[in-house]
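For reference, the structure discussed in these notes is given below.
The values are calculated or read from the model by the stated rules, or taken from the named source; none is laboratory data. This one's a predicted model, so the numbers in the text were calculated from it and none came from an experiment. Glycine gets a Cβ as well: all are built from the backbone with ideal geometry, and neighbour counts include every protein chain shown.
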Amino acid sequence: MSSNPVLIVGSVALDSVRTPSGTTERALGGAAVYSSVAASFFAPVRIVGVVGEDFPKKHIDFLRSRDIDLQGLQIISGGQTFHWAGSYEGDLNQADTLATELNVFQDFRPELPDAYKSSQYVFLANIDPELQLKVLDQVPDAKLKAMDTMDFWITGKSEALLEVIRRVDIVFINDAEIRLLTGIINLTKAAAHLRSLGPKYVIVKKGEHGAMMYCDEKMHFAAASYPLEEVADPTGAGDSFAGGFMGYLAGSGRLVKENLRRAVIYGSTLASYTVQEFSLNRFRNLTRTEIANRYEEFRQMVWVD
Ligand code: AMP
């Protein structure tokens with residue numbers, strides 16, 4: 001593993017989730033948490049976020065056990081942690097948001113610890129785009145900047161969001177969100193539109209149908225999602241995908257085409273593990289060997305000659 005750390009800002013949450021397989025109440029979640037834990041299998045991770053006093057110590061201990069640097073995680077005494085409630089039905093591809101309580105994120109001003117400011121790999125996970133911009137301002141040397149978002153910010157803060165898009169190299173976004181953001185139904189055209197704003201890569205996540213990386217015309221890359229008969233909880237699949245992708249690239253330290261393609265498959269691998277259990281439970285005992293084996297299965301799935 002190279003020692004390039006990935007800096008990740010985004011929601012650190014308590015999630016209440018309902019799926020056909022069951023429910024959770026205020027379980028560990030948040031875009032920064034899923035992506036940080038996924039990235040931590042490949043590279044050192046630095047997290048930037050905020051929680052309230054209600055955030056259980058066992059969650060902090062879990063993040064520490066993954067060697068995630070928590071200097072950038074503020075704990076607000078008397079504050080309440082961000083809470084998201086959602087439910088999934090049918091094909092599980094789309095969450096219905098039942099509640100978004102920003103709580104401590106409402107007044108959050110990310111101040112990066114000095115040690116974080118030289119980060120070269122930066123992932124702006126899903127959170128208020130104004131906070132994403134404040135983090136970007138503090139990492140002038142970053143050589144790979146990526147971002148994710150969701151419908152809540154596309155409809156609520158589209159101007160700030162477009163500003164983030166103009167300033168990053170990679171956009172992760174799902175099919176419904178890119179259509180909502182651009183007003184374009186055709187995904188290839190919508191991705192080309194986003195690329196025309198600045199980012200070199202647009203990676204469209206399509207739930208159980210996999211992901212497509214749009215880049216220079218002759219280099220687009222498609223990945224299936226891992227075929228699973230049982231999906232317990234799709235929450236965090238997109239964040240785990242992005243975290244696995246960024247972690248692998250930082251760990252490899254080489255931004256070449258082949259590695260970007262491998263990163264898509266590692267991202268899909270991490271996403272496929274996340275959805276097998278609720279919250280981050282599958283990541284608690286996941287090993288590098290299991291990741292390597294599933295990556296190989298992925299390779300075999302598309303091998304032709
Ligand atoms: P996904 O990978 O899209 O399934 O992301 C799910 C995670 O996003 C959950 O763990 C939520 O805590 C988090 N989340 C939900 N709504 C928001 C929001 N408006 N801003 C930031 N994070 C959110």
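Data overview
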read-out	value
Residue match in segment 12-19 (condition: under 15 Å from the mean Cα position of the chain (by Cα), touching a residue at least 40 places away in the same chain (Cβ under 8 Å), within 12 Å of the ligand (Cβ to nearest atom) and closer than 24 Å to PHE172 by Cα)	yes
Residue in segment 143-166 that is nearest to the ligand (Cβ to nearest atom), counting only those that are closer than 14 Å to PRO199 by Cα and buried (at least 17 other Cβ atoms within 10 Å of the Cβ)	ASP148
Residue among ALA27, ALA39 that is modelled with pLDDT of 95 or more and surrounded by fewer than 24 Cβ atoms within 10 Å (Cβ to Cβ)	ALA27
Any strands (runs of 3 or more DSSP E) falling wholly within segment 1-48 and containing at least 1 residues that are hydroxyl-bearing (Ser, Thr, Tyr)	13-19, 22-29
One residue from ASP169, ASP114, ASP141, ASP137 being over 18 Å from ALA13 (Cβ atoms) and touching a Ser or Thr at 6+ places or on another chain (Cβ under 6 Å)	ASP141
Residue that is under 29 Å from GLY90 (Cβ atoms), touching a His at 6+ places or on another chain (Cβ under 6 Å) and modelled with pLDDT of 95 or more, where the choices are TYR266, TYR273, TYR214	TYR214
First in segment 100-121 and in contact (Cβ under 8 Å) with a residue 12 or more places away in the chain and over 30 Å from ALA263 (Cβ atoms), second anywhere and within 16 Å of the ligand (Cβ to nearest atom) and aliphatic (A, V, I, L, M), Cβ under 6 Å, 6 or more apart	VAL104/VAL50
Residue under evaluation LEU228, criteria (1) in contact with a helix residue (DSSP H, G or I) (Cβ under 6 Å, 6 or more places away or on another chain); (2) surrounded by fewer than 19 Cβ atoms within 10 Å (Cβ to Cβ); (3) aliphatic (A, V, I, L, M), criterion not met	(1)
Selected residue (criterion: nearest to the ligand (Cβ to nearest atom)) from residues of segment 167-203 that are under 19 Å from PRO129 (Cβ atoms) and among the β-branched types (Val, Ile, Thr)	ILE173
Candidate set from segment 52-89 (those that are among the polar types (S, T, N, Q) and part of a strand (DSSP E or B)); member that is surrounded by the most Cβ atoms within 10 Å (Cβ to Cβ)	GLN74
Wholly enclosed strands (runs of 3 or more DSSP E) of segment 139-253 bearing at least 1 residues closer than 17 Å to ALA271 by Cβ and among the aromatic types (Phe, Trp, Tyr)	170-174, 221-223
Of residues in segment 89-104 being at pLDDT 95 or above and not β-branched (Val, Ile, Thr), the one nearest to the ligand (Cβ to nearest atom)	LEU102
Residue identified as within 18 Å of the chain's Cα centre (by Cα), touching a residue at least 24 places away in the same chain (Cβ under 8 Å) and closer than 18 Å to LEU144 by Cα among LEU255, LEU197, LEU270, LEU249	LEU249
Selection from segment 67-87 of residues that are farther than 11 Å from ASP54 by Cβ and either away from the ligand (no atom under 14 Å from the Cβ) or at pLDDT below 95 (or both)	ASP67, ILE68, ASP69, LEU70, GLN71, GLY72, LEU73, GLN74
